[in-house]
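Read the figures in this text as sums done on the coordinates, not as results from a lab. Since the model is a prediction, treat every value here as computed from it, not as a measurement. As a convention, Cβ positions derive from the backbone with ideal geometry for all residues, glycine included, and neighbour counts pool all protein chains shown.
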Amino acid sequence: MSEPRPTAGPTAAAPAGRPGRYERSFSGLVAAMVVLVGVVLLIVGYRALFREELEVGPTPVDYREAGEAVARAGIPVVLPSTLPSGWIATSAEVERGAPPVWRLGVLTDEERFVGLRHGDVEPDELLESTYPDDEPVEVDPVEVADAAVATRWQAYEVGEDLAWVADLGTTAVVVHGSAPAEDLATFVETLEELPAAQAQPAG
């Protein structure tokens, strides 16, 4: 005669206050989602900030006003009568020295640099001071028929830059930069000379 099998007792209840397995899984999912959303927000915010920084362009300067003030101070100035559409002047100043040199910096619509330096200096000296650490290589001269200040320019290659130099008689001018020759020619065609104001005799 077989012995009776023991019957299972009542199922023990989960201790009070201890969350069930489903509750723990749901809480973990919520926490993971919070972390994921936070990471996404950080990435979006960083990209937005970085994009805003990239979209901040150079600040244009009023090169005409600066040039006219320099001319009134007794320094001859060569500058564009107007800039082509999309081009902006980013700097306009005088390099103090003996003699002083007027300097202008421009960005084209393709963000290529065009610079100008003008002063009562020999053309070779002006070019050398424009590129003190480089050795310009002389190439064929350039003719710009529609230029008002000079139609013939001696051209140089300086690394990846081009430099054009013109002797204006009492002064010299260098147009240079990373822009292609077509842009330099366009820039040269806009140039005009503002004569230095003459000192008034004492009354």
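For this structure, a couple of remarks:
- Residue check: Arg117 meets all listed conditions (1) in contact with an Asp or Glu (Cβ under 9 Å, 6 or more places away or on another chain); (2) surrounded by fewer than 20 Cβ atoms within 10 Å (Cβ to Cβ); (3) not β-branched (Val, Ile, Thr) but one, namely (2).
- The stretch 91-109, residues that are in contact with a helix residue (DSSP H, G or I) (Cβ under 8 Å, 6 or more places away or on another chain) and closer than 19 Å to Ala163 by Cβ: Val101, Trp102, Leu104, Val106, Thr108
- All positions within the stretch 130-178 that are polar (S, T, N, Q), touching a strand residue (DSSP E or B) at 6+ places or on another chain (Cβ under 7 Å) and outside any strand (DSSP E or B): Thr130, Thr151, Thr171, Ser178
- From Val165, Val106, Val114, residue being touching a Leu at 6+ places or on another chain (Cβ under 6 Å) and either of a type in the set (Ser, Thr, Tyr) or under 22 Å from Ser81 (Cβ atoms) (or both): Val165
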